[in-house]
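Just so you know, all these numbers are worked out from the coordinates, no wet-lab data involved. No experiment lies behind these values; they were computed from the predicted model shown. Glycine also receives a Cβ, built like all others from the backbone with ideal geometry; neighbour counts cover every protein chain displayed.
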């Protein structure tokens with residue numbers, strides 16, 4: 001009966017050193033790939049978390065401003081006529097913009113906030129030259145702004161304290177502040193065709209004829 005023989009090969013010291021060096025070189029060659037992959041994953045993870053946070057922070061709230069109303073008080077006549085087309089909007093000392101009313105403006109501010117509005121007009125009726133009307137008080141409100149929600153505001157405009165009017169004319173008396181100049185061909189008269197929103201009994205009527 002034959003006996004089974006096992007063959008055990010013991011590597012020599014030189015072979016051991018060669019194999020160890022070969023293994024080290026292999027590890028060194030693969031290490032950059034490993035760390036590069038880990039680095040890419042970390043960068044992607046940071047970018048994704050940053051984008052998610054940024055998107056959450058940039059979700060706006062909205063301020064809706066209606067055309068509002070006007071209270072003249074004891075100035076001129078007790079009417080509520082109003083020709084204020086624009087609102088200049090500021091939130092927490094940050095200017096948001098000038099908008100034609102009504103408007104829904106997006107804002108990034110949240111929490112307790114101070115909303116500051118100024119009435120805007122078209123200088124000389126020209127749309128390209130819009131500015132703040134200096135004779136109206138700002139409309140200021142303290143409120144809380146919640147993210148993704150809309151606040152609706154109805155500003156109430158009023159004159160600044162003690163305004164200095166160069167002329168107050170209601171056309172209710174016998175004489176008027178308006179006078180005709182030299183070479184004037186227009187006829188100035190009064191009329192009872194008064195728009196109710198302006199109040200009073202009379203208004204000025206100018207008749208012009210062609211030359």
> Based on the alpha-carbon gyration tensor of segment 167-211 and its eigenvalue square roots a ≥ b ≥ c, which shape applies: rounded if a/c is under 1.5, prolate if not and a/b is larger than b/c, or oblate?
Replying inline: oblate
> At a Förster radius of 25 Å, what calculated FRET efficiency corresponds to the Cβ-Cβ distance of residue 164 and residue 186, to the nearest 0.05?
Replying inline: 0.30
>> Checking the a/c ratio against 1.5 first, then a/b against b/c, what shape does the Cα gyration tensor give for segment 61-158?
In response: prolate
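Need one word for segment 126-211: rounded, prolate or oblate. Basis is the Cα gyration tensor (sqrt eigenvalues a ≥ b ≥ c); a/c below 1.5 gives rounded, then a/b vs b/c decides.
Prolate is the answer for segment 126-211, as a/c is 1.5 or above and a/b outweighs b/c.
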> So what is the relative contact order for segment 131-211, in percent, with contacts set as C-alpha pairs under 8 Å and at least six apart?
Replying inline: 23 percent
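Going by average Cβ density within 10 Å per residue, which order do the peptides 168-181, 146-159 take, highest to lowest?
So the order, starting with the most tightly packed, is 146-159, 168-181.
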>> For a protection proxy built on the mean count of beta-carbon atoms within 10 angstrom, sort 61-71, 131-141 highest first, please.
In response: 61-71, 131-141
